Amino acid sequence: MPPTHDVFNQSPALVGYDVADDPAMLSALRREGGGWAEEAVRELGRRAGSARVQDLGRQANENPPVLHTHDRFGNRVDEVEFHPAWHELMTVAVRHGLHAAPWRDSRLGAHVARAAGFYVWGAAEAGHTCPVSMTYAVIPALRHAPGLAGRFEPLLAAPEYDFGLRPPGTKRGLLAGMSMTEKQGGSDVRANTTRAVPVRGDGRAAGDEYRLTGHKWFTSAPMGDLFMVLAQAPGGLSCFLLPRVQPDGTRNGMRLQRLKDKLGNRSNASAEVEYDEALAWLVGQEGQGVRTIIEMVNMTRLDCVLGTATGMRTGLTLAAHHAAHRSAFGRKLADQPLMTAVLADLAIESEAATMAAFRLAGATDRAARGDAQESAFRRLALAATKYWVCKRAQAHAAEALECLGGNGYVEESGMPRLYREAPLASIWEGSGNVAALDALRAVTRQPETAEAFFTEVGLAAGADRRLDQAAARLRKELADPSEARARHLAEAIAVVLQGALLVRYGDPAVADAFAASRLGDESASFPGWGRAFGTLPSGVDAEAIVSRATPAVPAG
């Protein structure tokens, strides 16, 4: 090789490391009751950080799914073909129970253990976690139809990835999807026009058969076996469970019109769907469709937060790894004060997101066991955290990419895929305005949610003056909320919660830096934090914060 092609001053590939070697995540896993799963999470983390699995993620995104509407003879088949890398990733996720294990595991902390697995395995590839998340989320909604739940829940929770279009009752394991939005309504699902007609009589009882006709603009994971669908029944907007294949083995009237050509999440299929008298079973009561399916939405919102926290941690890890090995102007990047400040700020945001995500996973676990206080806390905190954490993802990914300079703008670095993925969770399951308004709705219609939230924050009272002041400001603002300020209030709720968790449980350097930058006095004429990443106030121990973020990679 000519001497001009000698390669030096490039960071080595970030492979062969333990994704689960994350102090904030591991401490939260133990604290929230899932410590019994730590070794399994670490095993999954080592697998996710391996060269083999990292390459599977690349292959799945470079070879997106392909829709085949007809076979070569002209028969309608509506099948989606995936690259083998996708199937391998899915197999691991399902075998490790990331799709539904907590619903068949009675141990305390089962939802937290599942959250940790989802968090570390998502670092390998984000797209395939969509059907995993949908399957996890469908079960609490499905329980509004006990007969259907008894029939399908064991298969939805089975640790078997059984791909292919066959009657659901004949498969070893099932996957679920969601089909809500239509082109004229988007988040306004009450504007849906898809019709549901009872097969016999008036229908109206959970489990009764209906025939659905209409068009859906976005249907998640269209290769799944069962779908939660919203449609207008005689009694109003209702929720239905729709199989891809009918029990007698014939294809249901679910026609895939086209796959969406998306910005990111390219390994995962999202489809426009036409329903032509498709068989479906009523879930819950007629006219209660939103109330029924919201249980599924809330579970997928939790995964929005978890997945975003994963993306932040991945971007931070890649940036810190690069800075630890790359030299410029005579020093390693990581040793230069301004880069240290940027990495520290990225680490603060990442750790705060992780702490909030796992507190919500713990609340989910306890709420599922009947804890009313935790359920009330989760109702408000999840909506606000989903808004804020997912909103921060885009800026975080862009800054992490920039840490690699031109190398970060190149596909081979993995950063462009991370950057394209970042906006998704902010849109999915209610865009920013929807999530913020949902938080406001919780405050105004369910005041017990605000009290549960402030009870949680109050556990950190007296530990940090800046947190105490921010909590007092927030309580005052929530006394007279307005729709126009819903985003401001949702942000404040999420940031105060993050601050309280960091003050109580976080690394002292991270907690102090978070309070100094995110919770400072808003009336100050020149606040210490400039809002862009890397503009931390003076006095922050940036080096200590960055040391927690740099991955340990085996030599060679």
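The values are calculated or read from the model by the stated rules, or taken from the named source; none is laboratory data. The structure displayed is predicted, hence computed values, not measured ones. A quick note on method: Cβ atoms are made from the backbone with ideal geometry, for glycine too, and the neighbour counts reach across all protein chains shown.
When the range 45-71 is filtered for residues that are hydroxyl-bearing (S, T, Y) and touching a residue at least 40 places away in the same chain (Cβ under 8 Å), only T69 remains.
Consider A37 carefully, then state whether it is buried (at least 17 other Cβ atoms within 10 Å of the Cβ) and within 26 Å of G414 (Cα to Cα).
Numbers: buried (at least 17 other Cβ atoms within 10 Å of the Cβ): yes; within 26 Å of G414 (Cα to Cα): no.
Criteria not met by A37.
Figure legend. Inter-residue proximity from the range 72-90: first residues over 24 Å from E160 (Cβ atoms), second residues hydroxyl-bearing (S, T, Y) and surrounded by 11 or more Cβ atoms within 10 Å (Cβ to Cβ), beta-carbon distance below 8 Å, spacing 6+ or different chains. Indicated pairs: R76/T69. Filtered by the rule that a residue be within 26 Å of H83 (Cβ to Cβ) and without any contact (Cβ under 8 Å) to a residue 40 or more places away in the chain, the range 263-294 gives no residues.
Table: residues versus (1) surrounded by fewer than 20 Cβ atoms within 10 Å (Cβ to Cβ); (2) without any contact (Cβ under 8 Å) to a residue 24 or more places away in the chain; (3) not in a loop (DSSP other than H, G, I, E, B).
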{"position": "N433", "(1), (2), (3)": "yes, no, yes"}
{"position": "E456", "(1), (2), (3)": "no, no, yes"}
{"position": "A460", "(1), (2), (3)": "no, no, no"}
{"position": "A463", "(1), (2), (3)": "yes, no, no"}
{"position": "V496", "(1), (2), (3)": "no, no, yes"}
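Among the candidates A368, A353, A372, which residue alone is surrounded by 24 or more Cβ atoms within 10 Å (Cβ to Cβ) and in contact with a helix residue (DSSP H, G or I) (Cβ under 9 Å, 6 or more places away or on another chain)?
Only one candidate passes the filter, namely A353.
Scanning the range 29-40 for residues that are among the small types (G, A, S) and under 11 Å from G109 (Cα atoms) yields G33, G34, G35, A37.
Working only within the range 27-86, note down all residues that are at positive phi and in contact with a Leu (Cβ under 6 Å, 6 or more places away or on another chain). Spell out the reasoning first.
We begin by selecting, within the range 27-86, every residue at positive phi; these are 33, 74, 78.
Of everything in the range 27-86, those that are at positive phi and in contact with a Leu (Cβ under 6 Å, 6 or more places away or on another chain) turn out to be G33, D78.
Please indicate, with yes or no, whether at least one residue in the range 214-229 is surrounded by 15 or more Cβ atoms within 10 Å (Cβ to Cβ), over 24 Å from A361 (Cα atoms) and assigned by TED's automatic domain parsing to the domain that holds E81. No: zero hits.
Only a single criterion out of (1) in a strand (DSSP E or B); (2) over 25 Å from H99 (Cβ atoms); (3) not polar (S, T, N, Q) is not satisfied by D261, namely (1). The test for being among the small types (G, A, S), surrounded by fewer than 23 Cβ atoms within 10 Å (Cβ to Cβ) and either touching a Lys or Arg at 6+ places or on another chain (Cβ under 6 Å) or assigned to a helix (DSSP H, G or I) (or both) holds for A484.
Run down A206, A149 and say which single residue is closer than 21 Å to T135 by Cα, among the hydrophobic types (A, V, I, L, M, F, W, C) and at pLDDT below 95. Talk me through it step by step, then tell me what you get.
Working: A149 fails: at pLDDT below 95.
The unique qualifying residue is A206.
Scanning the range 397-414 for residues that are within 21 Å of the chain's Cα centre (by Cα) and in a helix (DSSP H, G or I), we see that the one that is surrounded by the fewest Cβ atoms within 10 Å (Cβ to Cβ) is A398.
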